[in-house]
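Once you've had a glance at the structure underneath, I'll fire off some questions.
The values are calculated or read from the model by the stated rules, or taken from the named source; none is laboratory data. Quick caveat: nothing in here was measured; it's all calculated off a predicted structure. Glycine gets a Cβ as well: all are built from the backbone with ideal geometry, and neighbour counts include every protein chain shown.
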Amino acid sequence: MVAIQLLKESNTMNIQNQSNRTTIRNLVIFIIVVLAIGWIGRGLDVLMDNPASEGIGILLWIITPLGASLLLRAFAGDGWKDFGIKPNFKGNMAWYVVALLVYPISTVCILIIGSGFGLITFPNSSLSKLGLVFQAFALGILPLFIKNIFEEAAWRGYLAPKVYSLRLNDFVGHLIVGLVWGAWHIPYYLFFLDRAVLQDFTTLNLAIFIPLAIVVMISWAMVYGEIRLLTKSIWPAVLMHAVEDALLIMLIADHYIQILPGTDWLISPMSGLISVIFFLAIGIGLRQMRKRKMSVA
């Protein structure tokens, strides 16, 4: 009986090791592809003399992470079990509420802090302006929700669960996901994002802004990742990402708020260090809740 038990344990270990090797191989392929595609796309635009913001490069940059993840699941042994396509509403509605509110609440807190120190102002603030903010948010949330299905199906539908399946330290797992997610944006900031639009978001030069943006995305990835682990679904991440795009981009790009030049690295709700602190604190709190939930189960 002991020999049979040892044999079973050995077989289980061999299967797990083989699964880990497949996961690591496919993760390496995925990471290389998604980090290279923006540069490849830009090269194609240059060869074809296409504008960076309108050529094939940005299209390849957007669709390749999802395409690569689907191909790896379908043909490279990853399978579909941990895709997280089911919404899993039962017992998880509280986490959907968190996903919905985390950006609005953190943004309001940052705006209050920035306003209190005179670093953020609200040009032409009025009730009518506030109404326009809500109107723009309501009109933008649905198309952005649809857009982020494609993005989050790659990041929280593939990269995150595959990294987490390796059973690394939680913080290391979130760090890897955030680094890859952030580094994928580098060609976007360098080539595909119009400079006039970028200037709405930062007064920093790109050599400082890009590393800072990656740090911000690492802190965001911790919150996205913890909610993904709690719900085992991509849909809270899709909702959260849509709210971020609809709220933060609108507030800054449409000049509903004005950040004192030279202080966005600190106080910007989208790319400031105070935002990083907020999201790290939220992520740590969610992790503690998840650990308590696991210990009770």
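Could we say that LEU47 is under 23 Å from the mean Cα position of the chain (by Cα) and not in a loop (DSSP other than H, G, I, E, B) here?
Values: under 23 Å from the mean Cα position of the chain (by Cα): no; not in a loop (DSSP other than H, G, I, E, B): yes.
No: the conditions fail for LEU47.
State all residues of the stretch 268-297 that are within 25 Å of PHE209 (Cα to Cα) and either among the hydroxyl-bearing types (Ser, Thr, Tyr) or modelled with pLDDT under 90 (or both); if no residue qualifies, say none.
Once the filter is applied, which keeps residues that are within 25 Å of PHE209 (Cα to Cα) and either among the hydroxyl-bearing types (Ser, Thr, Tyr) or modelled with pLDDT under 90 (or both), the stretch 268-297 yields SER268, SER271, SER275.
Could you pull out every one of the helices (runs of 4 or more DSSP H) wholly within the stretch 197-297 that has 2 or more residues that are farther than 30 Å from SER53 by Cβ and within 12 Å of the chain's Cα centre (by Cα)?
Numbers: elements: 206-231, 235-244, 250-253, 264-267, 273-296.
Filter on the stretch 197-297 gives 206-231.
Here's something else I'd like to know. Does any residue of the stretch 118-133 turn out to be in contact with a strand residue (DSSP E or B) (Cβ under 9 Å, 6 or more places away or on another chain), at negative phi, in contact (Cβ under 8 Å) with a residue 24 or more places away in the chain and surrounded by 16 or more Cβ atoms within 10 Å (Cβ to Cβ)? Please lay out each step first, then the result.
First, pick out the residues of the stretch 118-133 that are in contact with a strand residue (DSSP E or B) (Cβ under 9 Å, 6 or more places away or on another chain): 119-123.
Subset that is at negative phi: 119-123.
Then drop every residue that is not in contact (Cβ under 8 Å) with a residue 24 or more places away in the chain, which leaves 119-123.
After this cut, where a residue has to be surrounded by 16 or more Cβ atoms within 10 Å (Cβ to Cβ) as well, the list is 119-120.
So far as the stretch 118-133 goes, yes, one or more of its residues are in contact with a strand residue (DSSP E or B) (Cβ under 9 Å, 6 or more places away or on another chain), at negative phi, in contact (Cβ under 8 Å) with a residue 24 or more places away in the chain and surrounded by 16 or more Cβ atoms within 10 Å (Cβ to Cβ).
Another question, if that's okay. Within the stretch 152-170, how many residues turn out to be surrounded by 15 or more Cβ atoms within 10 Å (Cβ to Cβ) and either at pLDDT below 95 or more than 13 Å from the chain's Cα centre (by Cα) (or both)? Outline the logic, then answer.
Step one: filter the stretch 152-170 for residues surrounded by 15 or more Cβ atoms within 10 Å (Cβ to Cβ), giving 152-165, 170.
After this cut, where a residue has to be either at pLDDT below 95 or more than 13 Å from the chain's Cα centre (by Cα) (or both) as well, the list is 161-165, 170.
The number of residues fulfilling the criteria is 6.
Pairs under 7 Å by beta carbon, first residue among the charged types (D, E, K, R) in the stretch 80-93, partner at pLDDT 95 or above and assigned to a loop (DSSP other than H, G, I, E, B), six or more apart or different chains?
ASP82/SER165; LYS86/SER233
Select, from VAL28, VAL97, VAL46, the only residue that is surrounded by fewer than 19 Cβ atoms within 10 Å (Cβ to Cβ), without any contact (Cβ under 8 Å) to a residue 12 or more places away in the chain and closer than 27 Å to PHE278 by Cβ. Spell out how you get there, then give the answer.
Numbers: VAL28 fails: closer than 27 Å to PHE278 by Cβ; VAL46 fails: closer than 27 Å to PHE278 by Cβ.
So the residue among VAL28, VAL97, VAL46 that is surrounded by fewer than 19 Cβ atoms within 10 Å (Cβ to Cβ), without any contact (Cβ under 8 Å) to a residue 12 or more places away in the chain and closer than 27 Å to PHE278 by Cβ is VAL97.
Something else now. For the stretch 63-82, give me the residue count where each residue is modelled with pLDDT under 95 and farther than 12 Å from LYS162 by Cβ.
0
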